[in-house]
Amino acid sequence: MFTFWMVALFMLIGSLLPNIVKWSTDFIFKVTDEEKRIREEFKELRKELAGISAVDEFARYARTQRKMNKLDEQIQALGQSRMDDRESIKWKFTKTIQIINGAVLVYLAVTQRYEPVLTGLSDWFWPLNIVLSYPTGIEGALSIVFWLFICNNACRVLIK
């Protein structure tokens, strides 16, 4: 019964992992106070630029436009840096956990392949008993191979 729950838990973790990592990296890599300040300054300059006539006050309009372009470049650079860091951490963490998760599942499948995960299913799946119990050889049992298959498909359906 331990194998039953371990496989189910690890399959669920593997299925939910991308969502968990996305949420946590979004939480960790928030917009900084400096970026918020620059965005606020950019909005003020945009309001100011809307009130300036480009024909009548060309010098002031051009100066404000240059300030806005400079702030926009800063915002883009800060945002890109934050996104690059977030994607790098997300990819590394996801791959590391997937490798560990896969290794644990392979280890369980190899070491527990002749032990049934569940027994007493002979009446439930009458024509498929022999197939579901492969390679345990115990009629009415569910092997870890098929339990991995069932959990994998169930978790994929639940996540979608």
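The values are calculated or read from the model by the stated rules, or taken from the named source; none is laboratory data. Note that the coordinates shown come from a computational prediction; the quantities given were computed from them, not determined experimentally. Positions of Cβ are backbone-derived with ideal geometry, glycine not excepted, and every protein chain shown enters the neighbour counts. These area figures cover heavy atoms from the full protein model, side chains too; ligands, DNA and RNA do not enter into them. Shrake-Rupley method; radii C 1.70, N 1.55, O 1.52, S 1.80 Å.
Do the conditions hold for Thr94, that is, is it surrounded by 11 or more Cβ atoms within 10 Å (Cβ to Cβ), farther than 27 Å from Thr25 by Cα and not aliphatic (A, V, I, L, M)? Taking the combined requirement at face value, the residue does not satisfy it.
Exactly one residue out of Ala109, Ala103, Ala62 is assigned to a helix (DSSP H, G or I), of a type outside the set (Phe, Trp, Tyr), under 24 Å from Val7 (Cα atoms) and out of contact with any helix residue (DSSP H, G or I) (no Cβ under 9 Å at 6 or more places or on another chain), and it is Ala103.
Out of contact with any helix residue (DSSP H, G or I) (no Cβ under 7 Å at 6 or more places or on another chain) and not acidic (Asp, Glu): which single residue out of Leu9, Leu71 fits that description?
Unique residue meeting the criteria: Leu9.
Across region 21-55, the number of residues qualifying as surrounded by 14 or more Cβ atoms within 10 Å (Cβ to Cβ) and among the β-branched types (Val, Ile, Thr) comes to 4. For Trp5, indicate whether it is open to solvent by 80 Å² or more (accessible area, probe 1.4 Å), under 30 Å from Cys155 (Cα atoms), modelled with pLDDT of 90 or more and of a type outside the set (Val, Ile, Thr). Judged against the criteria, Trp5 is not a match.
Residues in region 56-85 that are closer than 30 Å to Phe27 by Cα and open to solvent by less than 50 Å² (accessible area, probe 1.4 Å): Met68, Leu71, Ile75, Gly79, Arg82.
I need the full set of residues from region 61-89 which are in contact with an Asp or Glu (Cβ under 9 Å, 6 or more places away or on another chain) and charged (D, E, K, R), in order please. Listed by number, the residues that qualify are Lys67, Arg82, Arg86.
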